[in-house]
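Provided herewith is a single structure, encoded as structure tokens, for subsequent inquiry.
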Amino acid sequence: MTEDRPRHPLDPLTADEVARAWSLVRAQDGLGSRVRVVSIALAEPPRAALYGPGAEHPAERAAFVVLMDSDARKTYEAVVSLTRGRLVSWTHVPGVQPAIVLDEFFECEAAVRADPGWQAAMRRRGVTDFSLAMVDPWSAGNIAIEDHGVVPLPSEDANYSPDVAGSRPDLRPLEIRQPEGPSFALDGHELSWQKWKMRLGFTPREGLVLHGVSYQDQGRDRPILHRASVVDMVVPYGDPRPTYFHRNAFDVGEYGIGTLANSLVVGCDCLGEIRYLDAVVNDSRGGAVTLQNAICIHEEDYGILWKHFDWRIGYSEVRRSRRLVVSFVATVGNYEYGFYWYFYQDGTIQLEVKLTGIISNGAVMPGETPPWGEIVAPQVYGPIHQHFFNVRLDVTIDGPLNSVYEVNTVADPPGPENPHHNAFRAEASLLRSEAVAQRTVDPLRGRFWKIVNPSVRNRLGQPVGYKLVPGENVLPFAGSEAAVTKRATFMTKHLWVTRYDPRERYAAGDYPNQHPGGAGLPIYVEDDATLDNAELVVWYTFGAHHVARPEDWPVMPVTYIGFALKPVGFFDRNPALDVPRPEGQACGHHAPGGCE
């Protein structure tokens, strides 16, 4: 996309726009000489500016800037109109610590290496070449020297490169060919595939953002999501000892997972007929940084979509499922997180997070096995921990006004209507207010949540809707008085529902770094707003529970976690009936089997 092409109001900022935004902010009077630019991102227009009265006029392009004046120890927020070329607002935000920028990690490492106390501690461990020691900065606490005793270094080499690990010789090439190109179309940041349409955004804090997700049906694009992204995550560790208890990383809010996105490589991170989008973030001095190939777009075969063989007449129909994949991968210290949005031909949306990388390990004394983790290699310890993600779904199921129901399956009591003791049914309960709509998963009750539009009915007279289907999940084991629980209260409930408010963007609040707790969702729901037939935001928390194992060392295989949004009454019938048979395959009449 050329820089002079007209920009959609939801397109992410270009490098030129980042530079323009900072030049306008930097001219502000009173800033000190040591200013850290935390983030420069699109100031997204609210729903009303896009869909309300007068929305036919293009919304202006604007940037939202967060910076810290280190001399004054003050955090500021600024909004800049790129359309009008001027500063719109300038706000001091007292009492907050903004997210960490990369420069601070490097400066912290340099300060530690230069400290005589740290150098003496290294010498006690037989380390005299300080360049061989890795300094691992974390957001929690202050710099101080705490030495809790010398532990001998594990003796085994943990290098996982092929020259050490070897390479099996019997893996033959697997090729994915699409000689006519992919079935999706990418026009700038607008993506269309099959009957799906959406616009792709990117922010330094969240990474990939989906805007305006819709599905074409009955001659129109039917909206499903106004906006969707992973807005927060936290990784609480379960070891209470001095060198571990502070490990509670807020990877989105404290570090900016978008800033840490990888440049992806064909055939390695993504396989097939790939299209990429670059992402633009900023450095700590306000300069634009382009992350090449940050977003990957491709198609995948996904097995059977639907099938039936009528054995009475020997008639078979089979269709293969294909899904669209939109993804990005971020490296946060030792861990890699891959965020994969899948779109299916039957109207299903899925988010899958892939966790890999290196566990946050530690050395132990020979023969020692701490109770708060597992030994993964001789004298190498992996502490038990959890990864909680929160996704914000700005829902617009066939229109702006929605309601949410909790659906549980219950067994009918024995009686005249249940003489055989086999009856059970699904019961739906309206979540009428924000206080009620704080829920946890219950697989033993088949629990899911249904988001409906009460004003739109399908041909059966039912309100159209989508259901949120939980995947694997867990609750935190940290106690209610733990600092991480107070700071990440969002992880104590799997479902939160709030009235739409464009100011309420993050589950742990705007500034979780060094925040004592209580921000974000606990504040958003204090007014207990009514939710029935209203503009809604659904927040879903899902957690991966990681008890380390030897197979996770020295680099862990991918662990998968996520959830799905599936249509329930949104369509009048199976929307994938018209998917064509695989070309050249006998998957139709008198084809008993085959094509699976």
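Does Ile359 satisfy the criteria of being in contact (Cβ under 8 Å) with a residue 12 or more places away in the chain, more than 24 Å from Gln216 (Cβ to Cβ) and open to solvent by less than 10 Å² (accessible area, probe 1.4 Å)? Please lay out each step first, then the result.
Numbers: in contact (Cβ under 8 Å) with a residue 12 or more places away in the chain: yes; more than 24 Å from Gln216 (Cβ to Cβ): yes; open to solvent by less than 10 Å² (accessible area, probe 1.4 Å): yes.
Answer is yes for this residue.
Is there a residue in the stretch 243-255 that is β-branched (Val, Ile, Thr), surrounded by fewer than 16 Cβ atoms within 10 Å (Cβ to Cβ), more than 20 Å from Asp16 (Cβ to Cβ) and more than 17 Å from the chain's Cα centre (by Cα)?
Of the stretch 243-255, the ones β-branched (Val, Ile, Thr) are 243, 252.
Those left that are additionally surrounded by fewer than 16 Cβ atoms within 10 Å (Cβ to Cβ): 243.
After this cut, where a residue has to be more than 20 Å from Asp16 (Cβ to Cβ) as well, the list is 243.
So of that shortlist, the ones also more than 17 Å from the chain's Cα centre (by Cα) come out as 243.
Yes: one or more hits.
Further question: Among (1) in a strand (DSSP E or B); (2) open to solvent by 70 Å² or more (accessible area, probe 1.4 Å), where does Leu87 come up short?
If we test Leu87 against (1) in a strand (DSSP E or B); (2) open to solvent by 70 Å² or more (accessible area, probe 1.4 Å), just (2) comes out false.
Sticking with this one: Just give me the residues in the stretch 123-136 being on the phi < 0 side of the Ramachandran plot, of a type outside the set (Ser, Thr, Tyr) and over 38 Å from the mean Cα position of the chain (by Cα), in sequence order.
Arg123, Arg124, Arg125, Val127, Asp129
Just wondering, is there one or more residues in the stretch 427-434 that are under 29 Å from the mean Cα position of the chain (by Cα) and open to solvent by 90 Å² or more (accessible area, probe 1.4 Å)? So that I can check it myself, show each step before the final result.
Taking the stretch 427-434 as the starting set, the residues that turn out to be under 29 Å from the mean Cα position of the chain (by Cα) are 428-434.
Narrowing the set further to residues that are open to solvent by 90 Å² or more (accessible area, probe 1.4 Å) leaves 432.
Within the stretch 427-434, one or more residues are under 29 Å from the mean Cα position of the chain (by Cα) and open to solvent by 90 Å² or more (accessible area, probe 1.4 Å).
Continuing with this model, one more query. Tell me the strands (runs of 3 or more DSSP E) entirely within the stretch 393-485 that contain at least 1 residues that are among the basic types (Lys, Arg), closer than 26 Å to Lys354 by Cβ and out of contact with any Cys (no Cβ under 9 Å at 6 or more places or on another chain).
On the way: elements: 403-411, 424-430, 448-457, 463-470.
Per the criteria, 463-470.
On to the next question. Collect the residues in the stretch 134-182 that are within 30 Å of Trp196 (Cα to Cα) and either among the acidic types (Asp, Glu) or open to solvent by less than 60 Å² (accessible area, probe 1.4 Å) (or both), keeping them in residue-number order. Can you show your working first?
If we filter the stretch 134-182 for residues that are within 30 Å of Trp196 (Cα to Cα), which is where we start, we get 174-182.
Across the stretch 134-182, the qualifying residues are Glu175, Gln178, Glu180, Gly181, Pro182.
Further, regarding this structure: Is there a residue in the stretch 126-133 that is part of a loop (DSSP other than H, G, I, E, B), in contact with a Ser or Thr (Cβ under 9 Å, 6 or more places away or on another chain) and loosely packed, with under 10 Cβ neighbours inside 10 Å?
Within the stretch 126-133, the subset part of a loop (DSSP other than H, G, I, E, B) is 126-129, 133.
Going one step further and asking which of them are in contact with a Ser or Thr (Cβ under 9 Å, 6 or more places away or on another chain), we end up with none.
Checked against the condition, which is being part of a loop (DSSP other than H, G, I, E, B), in contact with a Ser or Thr (Cβ under 9 Å, 6 or more places away or on another chain) and loosely packed, with under 10 Cβ neighbours inside 10 Å, the stretch 126-133 yields no hits at all.
Restricting to the stretch 109-118, count the residues that are over 39 Å from the mean Cα position of the chain (by Cα) and open to solvent by less than 70 Å² (accessible area, probe 1.4 Å). Steps first, please.
From the stretch 109-118, those over 39 Å from the mean Cα position of the chain (by Cα) are 116-117; that's our starting set.
Still in the running and open to solvent by less than 70 Å² (accessible area, probe 1.4 Å): 117.
Adding up the residues that qualify gives 1.
Scan the stretch 400-429 residue by residue and report those that are more than 30 Å from Arg47 (Cβ to Cβ) and in contact (Cβ under 8 Å) with a residue 12 or more places away in the chain. Spell out how you get there, then give the answer.
Start the filter on the stretch 400-429 by keeping residues that are more than 30 Å from Arg47 (Cβ to Cβ), which leaves 408-427.
Correct list: Asn408, Thr409, Val410, Ala411, Asp412, Ala423, Phe424, Arg425, Ala426, Glu427.
Suppose we keep only residues that are among the aromatic types (Phe, Trp, Tyr) and assigned to a loop (DSSP other than H, G, I, E, B) within the stretch 494-507. Which one would you say is surrounded by the fewest Cβ atoms within 10 Å (Cβ to Cβ)? Walk me through how you get there before you give the answer.
Applying the first criterion (among the aromatic types (Phe, Trp, Tyr)) to the stretch 494-507 yields 496, 500, 506.
When the remaining residues are screened for being assigned to a loop (DSSP other than H, G, I, E, B), the result is 500, 506.
Details: Tyr500: 18, Tyr506: 23.
Here the answer is Tyr500.
Spot the failing condition for Asp103; the list is (1) outside any loop (DSSP other than H, G, I, E, B); (2) without any contact (Cβ under 8 Å) to a residue 60 or more places away in the chain; (3) surrounded by 12 or more Cβ atoms within 10 Å (Cβ to Cβ), and only one is missed.
(2)
Now for a separate question. In the stretch 308-323, which residue that is under 9 Å from Gln345 (Cβ atoms) and of a type outside the set (Ser, Thr, Tyr) is farthest from the chain's Cα centre (by Cα)? Even if it seems obvious, please write down each step before you answer.
Residues of the stretch 308-323 under 9 Å from Gln345 (Cβ atoms): 319, 321-323.
Keeping just the survivors that are of a type outside the set (Ser, Thr, Tyr) gives 319, 322-323.
Working: Arg319: 31, Arg322: 23, Arg323: 19 Å.
Selected residue: Arg319.
Could you tell me which residue of the stretch 256-299 is modelled with the highest pLDDT, considering only residues that are touching a Phe, Trp or Tyr at 6+ places or on another chain (Cβ under 6 Å) and surrounded by fewer than 21 Cβ atoms within 10 Å (Cβ to Cβ)?
Filtering the stretch 256-299 for residues that are touching a Phe, Trp or Tyr at 6+ places or on another chain (Cβ under 6 Å) and surrounded by fewer than 21 Cβ atoms within 10 Å (Cβ to Cβ), the one modelled with the highest pLDDT comes out as Asn293.
Table: residues versus (1) over 30 Å from Val93 (Cα atoms); (2) in contact with a strand residue (DSSP E or B) (Cβ under 7 Å, 6 or more places away or on another chain); (3) at pLDDT 95 or above; (4) open to solvent by less than 50 Å² (accessible area, probe 1.4 Å).
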residue: Gly509; (1), (2), (3), (4): no, no, yes, yes
residue: Pro522; (1), (2), (3), (4): no, no, yes, yes
residue: Thr530; (1), (2), (3), (4): no, yes, yes, no
residue: Val537; (1), (2), (3), (4): no, yes, yes, yes
residue: His546; (1), (2), (3), (4): yes, yes, yes, yes
residue: Pro550; (1), (2), (3), (4): yes, yes, yes, no
residue: Leu577; (1), (2), (3), (4): yes, no, yes, no
residue: Gly588; (1), (2), (3), (4): yes, yes, no, yes
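Let me ask something additional. Only one residue in Trp311, Trp306, Trp341 is of a type outside the set (Val, Ile, Thr) and at pLDDT below 95, so which one is that?
Trp311
Is there a residue being open to solvent by less than 30 Å² (accessible area, probe 1.4 Å), closer than 18 Å to Pro45 by Cα, in contact with a Ser or Thr (Cβ under 9 Å, 6 or more places away or on another chain) and among the β-branched types (Val, Ile, Thr) anywhere in the stretch 189-210?
Yes - at least one qualifying residue is present in the stretch 189-210.
Restricting the stretch 235-252 to residues that are part of a strand (DSSP E or B) and modelled with pLDDT under 95, which is nearest to His148 (Cα to Cα)?
So the first thing to find is which residues in the stretch 235-252 are part of a strand (DSSP E or B), and the list is 235-237, 248-249.
Still in the list and also modelled with pLDDT under 95: 248-249.
On the way: Asn248: 20, Ala249: 22 Å.
Among residues in the stretch 235-252 that are part of a strand (DSSP E or B) and modelled with pLDDT under 95, the one nearest to His148 (Cα to Cα) is Asn248.
Which condition breaks for Thr440 when tested against (1) touching a Gly at 6+ places or on another chain (Cβ under 8 Å); (2) open to solvent by 10 Å² or more (accessible area, probe 1.4 Å); (3) of a type in the set (S, T, N, Q)?
Checking Thr440 against (1) touching a Gly at 6+ places or on another chain (Cβ under 8 Å); (2) open to solvent by 10 Å² or more (accessible area, probe 1.4 Å); (3) of a type in the set (S, T, N, Q), the one that fails is (1).
Could I ask something else about it? For Tyr302, are the conditions met, namely being surrounded by fewer than 22 Cβ atoms within 10 Å (Cβ to Cβ) and among the aromatic types (Phe, Trp, Tyr)? I'd like the intermediate steps shown before the answer.
Working: surrounded by fewer than 22 Cβ atoms within 10 Å (Cβ to Cβ): yes; among the aromatic types (Phe, Trp, Tyr): yes.
Taking the combined requirement at face value, the residue satisfies it.
Residue under question is Ala99, and the condition is that it be within 24 Å of Arg505 (Cα to Cα) and out of contact with any helix residue (DSSP H, G or I) (no Cβ under 7 Å at 6 or more places or on another chain); does it hold? Lay out the reasoning, then the answer.
Numbers: within 24 Å of Arg505 (Cα to Cα): yes; out of contact with any helix residue (DSSP H, G or I) (no Cβ under 7 Å at 6 or more places or on another chain): yes.
Judged against the criteria, Ala99 is a match.
Given the conditions (1) touching a strand residue (DSSP E or B) at 6+ places or on another chain (Cβ under 6 Å); (2) without any contact (Cβ under 8 Å) to a residue 24 or more places away in the chain, which single one is not true for Phe184?
Phe184 satisfies all of (1) touching a strand residue (DSSP E or B) at 6+ places or on another chain (Cβ under 6 Å); (2) without any contact (Cβ under 8 Å) to a residue 24 or more places away in the chain except (2).
Conditions tested, residue by residue: (1) farther than 30 Å from Leu102 by Cβ; (2) in contact with a strand residue (DSSP E or B) (Cβ under 8 Å, 6 or more places away or on another chain); (3) assigned to a loop (DSSP other than H, G, I, E, B).
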{"site": "Ile145", "(1), (2), (3)": "no, no, yes"}
{"site": "Gly149", "(1), (2), (3)": "yes, no, yes"}
{"site": "Pro154", "(1), (2), (3)": "no, yes, yes"}
{"site": "Val164", "(1), (2), (3)": "no, no, no"}
{"site": "Asp170", "(1), (2), (3)": "yes, no, yes"}
{"site": "Leu174", "(1), (2), (3)": "yes, no, yes"}
{"site": "Pro179", "(1), (2), (3)": "yes, no, yes"}
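The values are calculated or read from the model by the stated rules, or taken from the named source; none is laboratory data. Keep in mind the model is a prediction, meaning the values are calculated, not measured. Note that we place each Cβ from the backbone using ideal geometry, even for glycine, and neighbour counts take in every protein chain shown. Heavy atoms of the whole protein, side chains included, go into the accessibility calculation; ligands, DNA and RNA do not. Shrake-Rupley method; radii C 1.70, N 1.55, O 1.52, S 1.80 Å.
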